[in-house]
Amino acid sequence: METYGIEKLGIIGPTAVYRNLTPAQLTEAALRRGEGSLSNTGALVVETGKYTGRSPEDKFIVDTPTIHDDIAWGKVNRPISRERFDSIFAKAAAYMQQREVFIFDGMVGADPEFTIKFRIINELASQNLFIHQLLIRPTAEELANYGEADFTMICAPGFKCDPEVDGVHSEAAILIDYEAHKVVIVGSQYAGEIKKSVFSVMNYVMPKFKNVLPMHCSANMDPVTGDSAVFFGLSGTGKTTLSADPNRKLIGDDEHGWDEHGIFNFEGGCYAKCIGLKEESEPEIYHAIRFGALLENVIMDPETREIDYEDGSLTENTRAGYPVDFIPSAAIPGVGGIPKVVIFLTADAFGVLPPISRLDRSAAMYHFVTGFTSKLAGTERGITEPVPTFSTLFGEPFMPMDPLIYADMLGERIDKYNTKVYLVNTGWSGGSYGVGKRMNLKYTRAMVTAALNGSLEDVEYKYHEVFRLNVPQSCPDVPSELLNPRDTWADKDAYDETANRLAGMFEKNFAEKYPNMPEAVVNAGPKPIK
């Protein structure tokens, strides 16, 4: 039996070893093993058990002298010793003995100059299907000449840690050893842990060794000029929706690198939230959920096999994984030109940020580092008014190094390529959540289009003194009265009070989390007017 060298990792005596099976073969294996069922469209439906989302407190980075000074240690990046890591890795490898083993040898990074080879070793066929569809799939020739992987990952959700013995937080552990080029994920079947561990590796390797800025963003491009645009935003801000523009080609929906030639997708697939998914509003995603796709934690009618995308009884974080070429407008390979425009998306439920504003270099670095959006009243128990959410670099859990490293790289690129940067509020207008209304998607699309085609470059701008933003006073196909948020509030004093309060939250967050930022960046952020 061909073992493809896994015995070197301590996986000895597996009952079978499969390498780079096709999606059809992996789907068959998952069904044979009882891992899931087929939906009426042919997608494989699985439940991930206890873990239906990422488990941040279970993620650790191996602390060694070589990488110690590179990592921004703290609540997000927690250290674990090499001895602990090696012990858990060895236990996971031993657990894989006398079992079927599924290998995917793939690539990350659509630009061949920066491609990193990943070997993913799975206990579950369904998880191997997921990562087969999410990473870049090698051709037959590339697979024949694959050689050694740059990073190796073992994923064994059936192995449970003993926190007292293993020195971790719970039965689950997501451990990255940057120096040894190894990753181990145990105790959790949520496939997003695999995807985001790969991303966490890229977020260290790309800036450290390749001078590539890694970005947690979606991206699209002009099909004629090749000019690209990137969209940063946390969940619920419209990142996937706004980048899926029928007049532009989709480069990718989540993870990209920016080098001196342009941008490139790290991945070969998409991992979309599908709670509330409707064919009429997101037809491309809806029709991508077919044979070869994986659905996690959705509710399926056992007789008709139809999916109820409105049902969040297992989790609101229902997910669909599929290859990017299931999207008709996908750019293959996922490579685009230098970004002409960068857009930061925020869903401001306080209703006080302008619907669109232009950022200079320092303001761009400030809002990149801050990563603001807001939770809504009623979405969680005890939340009765909007709550600000700040996620560093719009991807705090996956960024291992000092935020200033990534922010400086963005600032340098803005200067070098004269890239325009805009902050777009897809949240509320005319009042906070409960009083105002959600920004009309038609108007948001019009503003994004104007930013992309240059229509906002020569219009009049007005300075917002609290948020220190430059706000356009006209935009094609958008009513001008919407552009200045204070004008949309019936109670102007209430607007001023709310704007000052949110600005104070920005100021407090920035002072606590980024005490060593350059003065120009600090001064570019919101500041209450006393």
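The values are calculated or read from the model by the stated rules, or taken from the named source; none is laboratory data. Not measured: the values here are computed from a predicted model. Counting neighbours? That spans all protein chains shown, and the Cβs are built from the backbone with ideal geometry, glycine included. Accessible surface areas use protein heavy atoms only, side chains included; no ligands, DNA or RNA. Shrake-Rupley method; radii C 1.70, N 1.55, O 1.52, S 1.80 Å.
Structural remarks
- Scanning region 283-313 for residues that are aliphatic (A, V, I, L, M) and at pLDDT 95 or above turns up 288, 289, 293, 294, 295, 298, 299, 300, 307.
- Flag if residue 116 is in contact (Cβ under 8 Å) with a residue 40 or more places away in the chain, within 22 Å of residue 331 (Cβ to Cβ) and of a type in the set (Val, Ile, Thr): yes
- The set of residues in region 430-449 that are in contact (Cβ under 8 Å) with a residue 60 or more places away in the chain and part of a loop (DSSP other than H, G, I, E, B) comprises 430, 431, 432, 433, 435, 436, 439.
- Members of region 156-192 that are in a helix (DSSP H, G or I), open to solvent by 10 Å² or more (accessible area, probe 1.4 Å) and closer than 14 Å to residue 55 by Cβ: 163
- Consider region 471-492 and keep the residues that are of a type in the set (S, T, N, Q) and in contact with a Ser or Thr (Cβ under 6 Å, 6 or more places away or on another chain). The one that is least open to solvent (accessible area, probe 1.4 Å) is 488.
- Of the candidates 482, 441, 469, 502, the single residue that is in contact with a Leu (Cβ under 9 Å, 6 or more places away or on another chain) and farther than 25 Å from residue 419 by Cα is 502.
- When restricted to residues that are open to solvent by 20 Å² or more (accessible area, probe 1.4 Å) and outside any loop (DSSP other than H, G, I, E, B), region 18-49 contains 10.
- Some residue of region 17-24 being in contact with a Phe, Trp or Tyr (Cβ under 8 Å, 6 or more places away or on another chain), among the charged types (D, E, K, R) and touching a residue at least 24 places away in the same chain (Cβ under 8 Å): yes
- Sole exception among (1) open to solvent by 10 Å² or more (accessible area, probe 1.4 Å); (2) closer than 18 Å to residue 514 by Cβ; (3) at pLDDT 95 or above; (4) in contact with a strand residue (DSSP E or B) (Cβ under 9 Å, 6 or more places away or on another chain) for residue 388, by number: (3)
- A Cβ distance below 6 Å, combined with a sequence gap of six or more or placement on separate chains, defines the contacts here; from region 58-78, residues that are among the acidic types (Asp, Glu) reach residues that are part of a strand (DSSP E or B) and surrounded by fewer than 17 Cβ atoms within 10 Å (Cβ to Cβ) in the pairs 63/79.
- Scanning region 493-527 for residues that are β-branched (Val, Ile, Thr) and either free of Cβ contacts under 8 Å to residues at least 40 places away in the same chain or open to solvent by 30 Å² or more (accessible area, probe 1.4 Å) (or both) yields a count of 1.
- Of the helices (runs of 4 or more DSSP H) contained entirely in region 50-155, those carrying at least 3 residues that are over 24 Å from the mean Cα position of the chain (by Cα) and surrounded by fewer than 19 Cβ atoms within 10 Å (Cβ to Cβ) fall at 82-95, 140-144.
- Any hit, region 14-30, residues being within 17 Å of residue 170 (Cβ to Cβ) and among the small types (Gly, Ala, Ser): no
- Pairs meeting the criteria (first residue in region 239-259 and under 17 Å from residue 344 (Cα atoms), second residue open to solvent by less than 30 Å² (accessible area, probe 1.4 Å) and of a type in the set (Lys, Arg), beta carbons under 8 Å, at least 6 apart or on different chains) are 253/239; 258/413.
Residues checked against (1) surrounded by 23 or more Cβ atoms within 10 Å (Cβ to Cβ); (2) within 17 Å of the chain's Cα centre (by Cα):
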| residue | (1), (2) |
| --- | --- |
| 299 | no, no |
| 329 | no, no |
| 354 | yes, no |
| 397 | no, yes |
| 402 | no, no |
